[in-house]
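**Q** I am attaching a structure below and will ask some questions about it afterwards.
Since every read-out is calculated from the coordinates, none of them should be taken as a lab result. All values reported here derive from a predicted model rather than from experimental measurement. Positions of Cβ are backbone-derived with ideal geometry, glycine not excepted, and every protein chain shown enters the neighbour counts.
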Amino acid sequence: MYLSATNHRIPLSDGNSIPIIGLGTYSEPKLTPKGTCAKSAKIAIDSGYRHIDGAYVYRNEHEVGEAIREKIAEGKVRREDIFYCGKLWATRHEPEMVRPTLEKTLNVLQLDYVDLYIIEIPMALKPGDEIYPKDENGKWLYHKSNLCATWEVECHPYFTQPKLLKFCQQHDIVIIAHSPLGTSRNPSWVNLSSPPLLRDELLNALGKKYKKTAAQVVLRFNIQRGVVVIPKSSNPERIKENFQIFDFSLTEEEMKDIEGLNKNVRFVDMFMWCDHPEYPFHDEY
Ligand code: A2P
């Protein structure tokens, strides 16, 4: 598959296509100044990104909409050039809630459609307006939902997902890898038992060989095997850096060596919800 900065959409089985790299936009709302996400999304579009990954629950979706609309108004892109993925949060899983929740997202974005709408996590929390519902004793309020849907999957050299990838490729299903750089390592929801991915010796040695960073090597690794990546960054230089992955390629042997780094341990294990009856990570994928 030939991928370039201007042509890096990969086909989906329904005839649509998805750009293989997208900008991740989650950033802890309490620690992120207003306007950061709009700025990052505009820099990303100017740098060549055509895919933005967001969610209502990130509380900055209006800024993504602002950035896309501004770039359309400037004539930089058309709506159909942009791929936006929105997400249904865990408190909105009831079937009758899906449409109004999507409409809320469209309203916030001030766009007519999203290109992809996915279930954010496959565990439901008590339906309602409270995003993180707990009872008066601080216990999480879980909810039973009937889920038979796809879900985005963590994927990077320390968690390469060979079985799932093979299954999906056999069935023409594209994987979108969240946390492709190994996350921001926020201890409240990340398992820190694996060392920081970007400090890995092999990844850094390969970076040196290609005059790239370890981050660019891990992103290249995934796109070279057809996995869509959505690295988040609010840093203008890193947003641009993460897109400079179309001008080099890894050899077959290097791809195998990177696969060999797999530790089969998730960073994002959401252990705080491990007693949820539908906690997904007790199962093998
Ligand atoms: P920053 O926004 O300061 O660049 P996620 O797992 O949500 O995709 O988060 C990725 C994390 O990696 C963020 O903390 C982001 O921080 C950081 N990051 C993004 N791009 C790079 C890069 N090229 N090199 C090192 N760290 C990066």
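Each row is one residue, and each column tells you yes or no for (1) more than 26 Å from V64 (Cα to Cα); (2) surrounded by 15 or more Cβ atoms within 10 Å (Cβ to Cβ); (3) among the hydrophobic types (A, V, I, L, M, F, W, C).
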residue	(1), (2), (3)
V98	no, no, yes
L111	no, yes, yes
I121	no, yes, yes
A124	no, yes, yes
E130	no, no, no
E136	yes, no, no
W140	yes, yes, yes
H143	yes, yes, no
T160	yes, yes, no
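**Q** Related question: Taking P195 as the residue in question, decide whether it is loosely packed, with under 13 Cβ neighbours inside 10 Å, part of a loop (DSSP other than H, G, I, E, B) and within 16 Å of the ligand (Cβ to nearest atom).
**A** Here the answer is yes, as P195 does meet what is asked.
Residue-wise test of (1) assigned to a helix (DSSP H, G or I); (2) touching a residue at least 60 places away in the same chain (Cβ under 8 Å).
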position	(1), (2)
N242	yes, yes
F248	no, no
E254	yes, no
L261	no, yes
H276	no, yes
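**Q** Still on this model: Looking at region 126-141, is at least one residue in a loop (DSSP other than H, G, I, E, B) and of a type in the set (F, W, Y)?
**A** yes
**Q** While we're on this one: Among the candidates N204, N222, which residue alone is within 14 Å of the ligand (Cβ to nearest atom), touching a strand residue (DSSP E or B) at 6+ places or on another chain (Cβ under 7 Å) and assigned to a helix (DSSP H, G or I)?
**A** Going through N204, N222 in turn, just one is within 14 Å of the ligand (Cβ to nearest atom), touching a strand residue (DSSP E or B) at 6+ places or on another chain (Cβ under 7 Å) and assigned to a helix (DSSP H, G or I): N222.
**Q** Can you tell me how many residues in region 231-256 are crowded, with 17+ Cβ neighbours inside 10 Å and more than 16 Å from the ligand (Cβ to nearest atom)?
**A** Going through region 231-256 one residue at a time, the tally reaches 2.
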